[in-house]
Amino acid sequence: MMRGLENKIAIVTGAGQGIGQAIAVRLAQEGAEVVISDINLQSAEQTASRIRQMGRKSLALKADVANFEDVQAMVEKSTQEFGRVDILVNNAGVTKDNLLVRMTQQQWDWVISVNLKGAFNCTKAVVPLMMRNRYGRIINIASVIGLVGNTGQANYAASKAGIIGLTKSAAKELASRGITVNAVAPGYIQTEMTERLPEQAKEAFLKTVPLQRVGLPQDVAGVVAFLASEDASYITGQVINIDGGMVM
Ligand SMILES: NC(=O)c1ccc[n+]([C@@H]2O[C@H](COP(=O)([O-])OP(=O)(O)OC[C@H]3O[C@@H](n4cnc5c(N)ncnc54)[C@H](O)[C@@H]3O)[C@@H](O)[C@H]2O)c1
């Protein structure tokens, strides 16, 4: 068990499936009550009912993180139900890959809006509540692609590099209020997002991983739970790679 997660209130965005779902389940296993936020309400309900089966409280809420009004309503409903927000995990993310010369304005704008503005929107909505309680843990899901770039992913890499700048700025602004802000940068994790990659690309990725296996959503969830716990109370503004050694 990790220290200090018992009865904490967490919001995880994009928690209907994949990495977000694993994070929500892990936080619940550690004793937290978790709001499952997703643009897809049906999948959010599935994650929430899985957590309720574990004997913990959970609430599924539909929200598009790119839409500030949606996010504000989601945070209001969360506080109505649970009274406060202690932990925010900005996990919702999308890809729309294309080579730069072919990338459309829409492809650029959509990925930046969901991945980067989405994290800003959710942070902005919860920070006043966290400041009042003089306690908060914000964990942003970046990507190693935000550190090293990738052919065909200029929009995604820019959004994830942006997340890192947001993380460090928010960490500096909010430290005096008892709020820590950190990011994790996963490498190649087995989810629906990476399932779509061509076999050849998957093999090429795997060759760059010293630990010689793909990552699992649980590999990310454990580090996020640690960053949300009391044991990480002296860590802020950091980016932790979870990539089997792909980027050193
Ligand atoms: N899978 C990987 O290898 C990998 C690597 C590095 C980083 N990441 C990041 O991890 C996060 C989760 O990725 P995943 O692999 O679990 O992806 P996924 O596609 O399996 O899940 C993403 C979830 O986000 C939700 N979502 C999409 N748009 C949304 C919106 N506008 N508002 C709210 N929810 C929305 C989806 O409905 C889905 O439930 C993303 O930020 C992704 O960029 C993934």
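Derivation of every value follows stated rules applied to the coordinates shown; laboratory data play no part. As the structure is a prediction and not an experimental result, all values here were calculated from the model. Counting neighbours? That spans all protein chains shown, and the Cβs are built from the backbone with ideal geometry, glycine included.
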For a test of understanding, tell me how many lysine pairs in the chain have Cα atoms under 20 Å apart, given they are 8 or more places apart or on different chains. 19
Looking at region 190-248, which trypsin sites (Lys or Arg not before Pro) are DSSP coil and have at most 16 other C-beta atoms within 10 Å of their C-beta? Arg196, Arg213
Projecting the Cα atoms of Val71, Ile19, Ala60 onto the charge dipole of the chain, where Lys and Arg contribute +1 and Asp and Glu -1 at Cβ, the residue farthest towards the positive end is Val71
Just need the relative contact order of region 9-239 here, percent rounded to a whole number, with Cα pairs under 8 Å and 6+ apart. 20
Within region 163-248, DSSP-loop chymotrypsin sites (Phe, Trp or Tyr not before Pro) with at most 14 other C-beta atoms within 10 Å are Tyr234
Placing one identical point scatterer on every Cα of the chain and ignoring solvent, what is log10 I(q)/I(0) from the Debye formula at q = 0.09, 0.12 Å⁻¹? -0.35, -0.63
Springs between alpha-carbon pairs under 10 angstrom, Gaussian network model over the chain: which of Thr13, Thr104, Thr167 fluctuates most? Thr104
Short version: ³J(HN,Hα) in whole Hz for each residue of region 120-130, in order, from phi by Karplus 6.51 cos²θ - 1.76 cosθ + 1.60 (θ = phi - 60°), x for Gly and Pro, what are they? 4, 4, 5, 4, 4, 6, 9, 4, x, 5, 5
Leu216-Arg84 pseudo-label distance in nm [points 7 Å out on the Cα-to-Cβ vector]: 3.4
Pull up all non-local amide H partners of Ile242: gap of 5 or more, or a different chain, and H-to-H distance under 5 Å with H placed in the peptide plane. Ala185, Gly187
Give me the percent relative contact order of region 74-171, please, defined on Cα pairs under 8 angstrom at least 6 residues apart. 37
Cβ neighbours within 10 Å, averaged per peptide: list 142-150, 58-66 in order, most packed at the top. 58-66, 142-150
Candidates Asn90, Asn40, Asn98, ranked by Gaussian network fluctuation over the chain, Cα under 10 Å, top entry: Asn98
